[in-house]
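Chemist: Please see the structure below; I have some questions.
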Amino acid sequence: MNMEPILSVRGLCMDFGGIRALDKLDLRIRAGEIAALIGPNGAGKTTFFNCLTGIYTPTAGELLLAPPGQPSRRLNGLKPNRVTEAGLARTFQNIRLFPGMTVLENVLIGRHCRTKAKILGAILRDPRTRREERENVDIGMALLKKVGLAHMADEVAKNLPYGAQRRLEIARALATEPLLLLLDEPAAGMNPQETQELISLIRSIRAEGLSILLIEHDMKLVMSLSDYIFVVDYGRKIAEGVPEEVRINPVVIKAYLGEEVDYA
Amino acid sequence: MNVITIKNFRNALVTALWFMFLTFPIMVIKVNTTENLIVWRWHNLLYVGATAFTASLLTALYRQYRDRKRSQQQQEEGTSRVSWNERFFNTPAIARPVCALGALFFLVFPLLFSTYQVNIMTTALMYVVLGLGLNIVVGVAGLLNLGYVAFYAVGAYTYALLNMHYGVGFWVALPLGGIMAALFGILLGFPVLRLRGDYLAIVTLGFGEIILLVLKNWSEFSQGPGGISNISRPGLFNIQLSMEATLNYQYYLTIAMVLLTIFVINRLQNSRIGRALFALREDEIACQAMGIDKTTIKLTAFALGATWAGLAGVFFAAKNAYINPDSFTFLESAMILCIVVLGGMGSILGVIIGALVLILLPEYLRAFSDYRMLAFGAILVSMMIFRPQGIVANIRQSYRSSKDGAP
Amino acid sequence: MEYFLELVFSGLTRGSIYALIALGYTMVYGIIGLINFAHGEIYMIGAFTALIIATVLNMYGLPLPAVLILAAIAAIVWSAAYGFTVERVAYRPLRGAPRLSPLISAIGMSIFLQNYVMLAQTPNFLPFPTLIPEPAFLEPIASMVGTTDLTILLVTTVVMVLLTLLIKFTRTGKAMRATSQDRTMAFLVGVNVDTVISITFVIGSSLAAIGGVLIASHIGQINFYIGFIAGIKAFTAAVLGGIGSIPGAVLGSFVLGLTESFATGYVSSAYEDVFAFSLLVLILIFRPAGLLGKASIEKV
């Protein structure tokens with residue numbers, strides 16, 4: 001496995017008023033790896049995602065993205081759309097699809113930052129715009145096939161069942177051609193069968209060379225899927241390591257005490 | 001089954017009594033403070049009571065109907081609802097002849113009707129253009145612009161002033177008016193588009209009022225409340241046209257303008273830009289997370305909408321040959337908004353129907369023309385409550401990839 | 001110097017009126033996050049009700065103080081009733097609808113009420129009866145500040161104090177504060193949210209009615225359109241102070257009132273409204289949270 005970090009986070013801090021939500025967080029995610037960020041509720045996991053994707057501006061610290069074969073790029077302070085252009089794509093804990101648009105259109109929105117057609121192109125529909133649109137639809141349909149939604153391409157997104165909405169969010173994120181895919185509790189609210197499908201989907205995405213960082217509560221999923229795990233509590237990193245190490249780490253067990261942990 | 005229960009009846013009675021109390025000072029008493037006269041109009045109390053009573057019962061019936069429909073839909077889950085216009089467009093056997101007849105009707109309209117009617121229809125068609133323009137901003141992008149009429153004024157005054165000072169003709173002024181309005185759109189858009197939706201509404205409203213006040217007060221520039229007259233009508237290769245021919249010519253020009261607008265907006269809606277606009281209305285944060293620059297896209301929507309208002313403004317100045325600030329009040333903005341809301345936000349066909357209904361109806365029902373603004377207000381409220389998608393719901397485009405030809 | 005003081009007083013008077021209206025905007029916004037466009041119309045209806053009732057009572061020969069008090073009470077009662085009804089009819093069915101829907105509904109309501117009053121009463125200006133007497137002992141300063149101005153300042157101060165007490169120390173006030181912080185949570189801990197929202201509209205409308213009566217006596221004439229401009233200006237004041245904040249609304253109103261007074265006094269009165277609107281645009285651009293407001297972060 002490639003051991004170069006694709007994302008390095010150094011000393012990341014985030015304050016809200018007087019409250020420190022993230023405290024000197026350090027993480028390194030290696031290219032081609034599935035990393036997981038776990039921790040009790042309110043530990044700061046989603047805040048971390050929001051800092052990473054430019055929705056919040058971190059108070060201090062460094063976020064560095066190192067695309068393979070290119071100089072690394074600082075992500076702090078970039079607008080969310082710039083972060084996505086740089087190669088980070090995310091899903092949301094509470095699904096945020098475009099409910100009134102069709103499934104395919106949702107994915108096509110993900111293509112926005114990789115395409116160029118302007119107003120004039122849209123009105124004139126010149127060959128270049130048409131080609132771009134055709135390619136987009138092809139890519140979109142291919143992604144939908146991958147997540148198993150191709151047959152519902154023209155359905156309006158809000159009519160999709162819950163599990164399918166989560167998969168659509170993943171397809172939409174993939175459409176932005178990310179280097180690193182950020183999944184915020186992708187299995188939340190899914191039944192065991194849907195979770196199984198999700199696991200194989202995430203594996204197949206990794207097999208194509210993408211790096212993945214996921215936040216998850218489902219320990220079974222985290223333990224079976226991740227190559228590397230970071231544990232945060234009260235905004236601090238309290239442990240990291242491969243699943244076997246984290247599983248037996250006393251600090252982690254203590255942090256989770258009182259929460260029901262299923263180490264199956 | 002719809003049943004009016006005793007409870008509905010009692011509620012209706014309470015509502016009626018409440019509204020009779022509520023409207024008592026304003027509806028019943030009419031004072032003339034100069035001559036110290038008081039007119040008591042007790043009969044109004046009766047009307048108010050009866051109206052409130054009926055409205056209350058109708059609302060109750062509607063609620064029953066809606067709840068029943070909802071529970072039906074829950075039973076047959078998975079089948080998505082198909083709106084009437086979707087069914088209409090998916091049945092070419094009906095849609096094609098109806099569309100052809102509609103087109104024919106508009107084409108021969110001047111031959112069948114008097115110049116008076118043609119003139120009214122021209123006005124209505126201009127509102128179609130305005131409605132479609134505002135539709136990009138409000139309907140598609142979800143940015144509530146309450147100062148839309150300001151851009152209309154920019155277009156109209158651009159032509160009027162250029163024509164008055166430099167004798168610039170209609171055809172040269174048309175693109176200039178559009179460009180000027182777009183510039184104003186960008187000028188206003190840059191600072192305000194960071195704002196949340198409701199603040200945007202207020203700022204655009206304020207902007208509209210500022211433009212109006214400037215036009216009224218800065219007489220050296222705009223000739224003040226007196227307005228500008230003797231604006232040249234659109235020319236046709238220097239041919240002298242009779243009054244009737246001019247009106248017909250203007251009618252066909254407006255038709256052409258409407259067709260152009262429909263063409264452009266239809267193509268825009270189903271493009272990369274159009275999708276981004278629509279996504280922006282649905283969820284701003286998700287939109288940004290998908291790599292869309294929200295400021296650029298909002299600015300695009302704003303400028304596009306403004307361009308159409310500017311073009312319509314030039315048409316308006318040319319058609320009337322006279323403009324003054326009174327044509328550009330907030331009520332005009334409200335009327336255009338009403339067209340979009342009634343027709344269906346985001347729907348082209350809806351906006352066309354909305355404009356024709358709202359502009360033609362008051363013209364033909366002269367007796368009710370005083371109540372026109374009252375009706376507009378009531379329409380805005382009741383559409384939001386009972387049918388927020390408008391008469392014609394917006395249909396999403398289905399895209400087919402080259403490989404998956406068959407559904 | 002005298003001119004300067006005159007402008008200060010006129011600014012404070014304007015500010016007081018704006019404050020009475022702005023409070024309604026700010027309270028409603030604080031609780032349901034809606035710009036109640038129809039609020040200006042409630043104020044206009046207050047002024048009309050006062051005018052109608054006062055004229056009727058005058059004809060029956062009631063003494064002036066009684067006319068004044070009864071007309072003011074009628075204005076408050078009916079304005080509150082209109083505010084209550086507007087919320088029930090136009091906003092309550094739209095809770096949970098997309099953000100644009102209640103806003104459009106509010107604009108519709110505003111247009112409807114304006115035209116309703118215009119059609120039922122008159123499109124022309126009506127002279128408002130002189131209800132506030134001019135006692136002789138105030139003669140020396142009358143050129144700078146009239147009795148009406150003093151009444152306005154006095155009434156506004158009393159109303160503000162009462163409102164603050166109500167919100168700080170009563171059960172209703174506590175429920176209102178809870179609802180504005182988190183509506184769902186307030187509901188879960190047993191606050192009757194519907195009632196709280198209704199009370200907010202009733203209080204806001206009553207304040208607007210007081211403003212309506214005062215300004216009508218001050219200016220001396222009213223028509224159906226007065227609510228529109230006053231509404232936007234009061235909204236400007238509310239935003240200036242930080243929408244959702246009650247002290248902010250008061251502060252913003254006085255800032256706006258004084259600004260307008262000086263701008264019209266020293267620059268030009270033709271552009272009176274332009275100053276207010278430009279101020280609104282500028283604040284929203286540079287400090288959308290207002291003077292006393294807090295920037296909010298949307299939860300993701």
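Chemist: Using unit Cβ charges (K, R positive; D, E negative) and no other charged atoms, how large, in debye to the nearest 20, is the dipole of chain C about its Cα centre? Walk me through the numbers on the way to the answer.
Modeler: Details: 14 positive and 13 negative charges, 260 e Å.
That gives a dipole near 1260 debye.
Chemist: If you don't mind, another one. Anyone know which of B:156, B:318, B:375 comes out most mobile in the 10 Å Cα GNM of chain B?
Modeler: B:375
Chemist: Taking every alpha carbon pair in the stretch A:97-177, what does the distance histogram look like in 10 angstrom bins from 0, in percent?
Modeler: Whole-percent P(r) values from 0 Å outward: 20, 49, 25, 5.
Chemist: Let me check against my output: what whole-number percent is the relative contact order of chain B, with C-alpha pairs under 8 Å and at least 6 apart? Present the calculation step by step, with values, prior to reporting the outcome.
Modeler: Values: 520 pairs, mean separation 96.5, N = 407.
Here the relative contact order equals 24 percent.
Chemist: Between B:180, B:126, B:243, find the one with the highest GNM mean-square fluctuation for chain B; connect C-alpha pairs within less than 10 Å.
Modeler: Residue with maximal mean-square fluctuation among B:180, B:126, B:243: B:243.
Chemist: List the residues of the stretch B:30-71 whose backbone N lies under 14 Å from a point placed 7 Å from the Cα of residue B:371 along the Cα-to-Cβ direction.
Modeler: What the label zone holds, given the 14 Å backbone N cut-off, is B:44, B:47-52, B:55.
Chemist: Relative to the longest principal Cα axis of chain C, at what angle does helix C:246-266 sit, 0 to 90 degrees, rounded to 10?
Modeler: Helix C:246-266 and the main axis of chain C meet at about 40 degrees.
Chemist: Quick one: check the C-alpha center-to-center distance for the stretch B:202-275 versus the stretch A:128-151, whole angstrom.
Modeler: A separation of 40 Å, based on Cα centres.
Chemist: Of C:96, C:30, C:211, which has the largest mean-square fluctuation in a 10 Å C-alpha GNM of chain C?
Modeler: Answer for the Gaussian network model of chain C: C:96.
Chemist: Right, something else. Hey, rough spin-label estimate for residue C:97 and residue A:251, points 7 angstrom out along Cα→Cβ, what's it come to in nanometres?
Modeler: Result for the modelled spin labels: 5.4 nm.
Chemist: If you stretched the chain out fully between residue A:238 and residue A:151, how much longer would it get, using 0.36 nm times the residue separation minus the C-alpha to C-alpha distance? Could you put the intermediate results ahead of the total?
Modeler: On the way: separation 87, 0.36 × 87 = 31.32 nm, distance 4.44 nm.
Extra length from residue A:238 to residue A:151 when fully extended: 26.9 nm.
Chemist: Alpha carbons only, please: Rg and Dmax for chain A, in angstrom.
Modeler: Cα-based Rg and Dmax for chain A come out at 18.9, 65 Å.
Chemist: Determine the calculated [θ] at 222 nm for the protein assembly as shown from helices alone, applying -39500 (n - 2.57) to every DSSP H run no shorter than 4 residues and normalising by the residue count; nearest 500 deg cm²/dmol. List each step's numbers first, then the result.
Modeler: Values: 37 runs with 596 residues, N = 971.
Rounded to the nearest 500, it is -20500 deg cm²/dmol.
Chemist: Moving to a separate point now. Quick one: order C:119, A:75 by neighbouring beta-carbon count within 10 Å, fewest to most.
Modeler: Numbers: C:119 16, A:75 22.
Result, fewest neighbours first: C:119, A:75.
Chemist: Right, something else. Which chymotrypsin sites (Phe, Trp or Tyr not before Pro) does the stretch B:338-371 hold that lie in a coil by DSSP with at most 10 other beta carbons within 10 Å? Intermediate values should be presented prior to the final figure.
Modeler: Working: sites: B:364, B:368, B:371; in loops: none.
In loop regions of the stretch B:338-371 (DSSP not H, G, I, E or B), there are no sparsely surrounded chymotrypsin sites (Phe, Trp or Tyr not before Pro).
Chemist: What chymotrypsin sites (Phe, Trp or Tyr not before Pro) in the stretch C:54-105 are in a loop by DSSP, with at most 10 other Cβ atoms within 10 Å of the Cβ? Working shown, then result.
Modeler: On the way: sites: C:60, C:78, C:82, C:84, C:91; in loops: C:60.
Here the chymotrypsin sites (Phe, Trp or Tyr not before Pro) that fit, given the DSSP loop and packing criteria, are C:60.
Chemist: Among C:275, A:152, C:46, which residue has its Cα positioned farthest towards the positive end of the charge dipole of the protein assembly as shown, with +1 placed on the Cβ of Lys and Arg, -1 on the Cβ of Asp and Glu, and the dipole taken about the Cα centre?
Modeler: The listed residue farthest towards the positive side: A:152.
Chemist: While we're on this one: On a C-alpha basis, how far is the centre of the stretch C:55-80 from the centre of the stretch B:89-143 in Å? Whole number, if you could?
Modeler: Answer, in whole Å: 53.
Chemist: Further, regarding this structure: Once you put a point 7 Å from the Cα of residue A:8 and another 7 Å from the Cα of residue A:204, both along the Cβ direction, what distance in nm separates them?
Modeler: 3.5 nm
Chemist: In 20 Å bins starting at zero, report the fraction of Cα pairs in chain B per bin as a rounded %.
Modeler: Binned Cα distances yield the sequence 22, 51, 26, 2, 0.
Chemist: If you don't mind, there's one more thing I want to ask. Specify which residue in the list B:49, B:12, B:28 is farthest towards the positive end of the charge dipole of the stretch B:6-73, using unit charges on the beta carbon of Lys, Arg (+1) and Asp, Glu (-1), about the Cα centre.
Modeler: Towards the positive end, the residue furthest out is B:12.
Chemist: Let me test this: with uniform point scatterers at the alpha carbons of the stretch B:6-73, what is the Debye-based log₁₀ I(q)/I(0) at q = 0.26, 0.29 1/Å?
Modeler: Ignoring solvent entirely, the Cα scatterers give -1.01, -1.12.
Chemist: Which entries of A:116/B:294; B:7/C:174; A:45/A:254; A:45/A:145 have Cα-Cα distances beyond 23 Å here? Could the numbers behind the result be given before it?
Modeler: On the way: A:116/B:294 15 Å; B:7/C:174 34 Å; A:45/A:254 18 Å; A:45/A:145 31 Å.
Check vs 23 Å cut-off fails for B:7/C:174; A:45/A:145.
Chemist: Roughly what angle does helix C:100-120 make with the longest principal axis of chain C, taking Cα atoms, 0 to 90 degrees, to the nearest 10?
Modeler: 30 degrees
Chemist: With +1 on each Lys and Arg Cβ and -1 on each Asp and Glu Cβ, and nothing else charged, work out how big the dipole of chain B is about its Cα centre, in Debye to the nearest 20. If you can, show how the numbers build up before the last one.
Modeler: Values: 29 positive and 18 negative charges, 220 e Å.
The calculated dipole for chain B is roughly 1060 debye.
Chemist: Sticking with this structure for a sec: With +1 on the Cβ of every Lys and Arg and -1 on the Cβ of every Asp and Glu, and nothing else charged, how large is the dipole of the protein assembly as shown about its Cα centre, in debye rounded to the nearest 20?
Modeler: On the way: 77 positive and 63 negative charges, 345 e Å.
The dipole of the protein assembly as shown has a size of about 1660 debye.
Chemist: How much of the pair distance distribution for chain C lies past 30 Å, counting alpha-carbon pairs only, in percent?
Modeler: Values: 13666 of 44850 pairs.
Counting pairs separated by more than 30 Å, the tail of P(r) holds 30 percent.
Chemist: Can you give me the Cα centroid spacing of the stretch B:294-367 and the stretch A:46-65 in angstrom?
Modeler: Cα centres, the stretch B:294-367 to the stretch A:46-65: 44 Å.
Chemist: Which whole-Hz couplings ³J(HN,Hα) result when phi for each residue of the stretch C:74-90 is put into the Karplus expression 6.51 cos²θ - 1.76 cosθ + 1.60, θ = phi - 60°, listed in order with x for Gly and Pro?
Modeler: So the J values, rounded to whole Hz, are 4, 4, 5, 4, 6, 4, 4, 5, 5, x, 4, 5, 4, 5, 5, 7, 9.
Chemist: Could you give me D for the protein assembly as shown, from Stokes-Einstein at 4 °C and 1.567 mPa s, where the hydrodynamic radius is the Kirkwood radius over C-alpha pairs? Units µm² s⁻¹, please. Don't jump to the answer; show the numbers that get you there.
Modeler: Working: Rh = 31.1 Å.
Using the Kirkwood radius from Cα pairs, D works out to 42 µm²/s.
Only the coordinates and a few stated rules stand behind these numbers; no lab work does. For clarity, every value in this text was computed on a predicted model and none was experimentally measured. Methodologically, a virtual Cβ is constructed for each residue, glycine included, from the backbone with ideal geometry; neighbour enumeration extends over all protein chains shown.
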